[in-house]
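Contents: one structure, followed by commentary.
Nothing in this text is a laboratory measurement; each read-out follows from the coordinates by a stated rule. Note that the coordinates shown come from a computational prediction; the quantities given were computed from them, not determined experimentally. In this analysis, Cβ positions are derived from the backbone assuming ideal geometry, glycine residues included, and neighbour counts consider all displayed protein chains.
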Amino acid sequence: MGKVEKSVDNIHKCLCRKCPTYRTAYEQKSKPEDMTRMIEGDTSDVERMEGVFCASGKSRFIEEKKGCICANCPVYKENGLTGGYYCIMGAEGEQ
Ligand code: SF4
Ligand code: SF4
């Protein structure tokens, strides 16, 4: 299995922005700019955007597990992923 790419295409497919774990951290951390950009689909700074954690690894803001919806994501299926909670545990292959 190849490494997942943090591409603009995958950013748009990523379900993290709708996930309870993501949403909880977003509110608790006072809506950080890099999470806001992910929610709004603003791809002006892909490297810093908080999403596609299966590619980029742990979040800088998310610490508490509140449910993970990765298994429903097209990126998950397309890349044959098997893990979850990438935002806390690290990218696929690093867990
Ligand atoms: S598998 Fe999870 S982390 Fe990866 S793009 Fe989909 S929702 Fe985001
Ligand atoms: S990696 Fe899973 S738990 Fe983390 S924000 Fe994405 S869907 Fe939610």
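Working out 0.36 nm times the residue gap between residue 8 and residue 36, then minus their Cα-Cα distance, what length gain in nm do you get to one decimal? Walk me through the numbers before you get to the answer.
Values: separation 28, 0.36 × 28 = 10.08 nm, distance 1.56 nm.
This chain segment gains 8.5 nm when fully extended.
Lysine pairs in the chain with Cα distance under 19 Å, only those 8 or more apart or on different chains: how many are there?
For the chain, the number of qualifying lysine pairs is 21.
Using 0.36 nm times the number of residues separating residue 72 and residue 60, minus their current alpha carbon distance, what extension gain do you get?
2.0 nm is the gain from fully extending residue 72 to residue 60.
How many nm is it between the label spots at residue 23 and residue 48, if each spot is 7 Å from the Cα in line with the beta carbon?
2.7
Dipole magnitude of the chain about its Cα centre, charges +1 at Lys/Arg Cβ and -1 at Asp/Glu Cβ only, in debye to the nearest 20?
280
Suppose only helical runs count, i.e. DSSP H with n ≥ 4. What mean residue ellipticity at 222 nm does that imply for the chain under -39500 (n - 2.57) per run, divided by all residues and rounded to the nearest 500 deg cm²/dmol?
Calculated from helices alone, the mean residue ellipticity at 222 nm is -8500 deg cm²/dmol.
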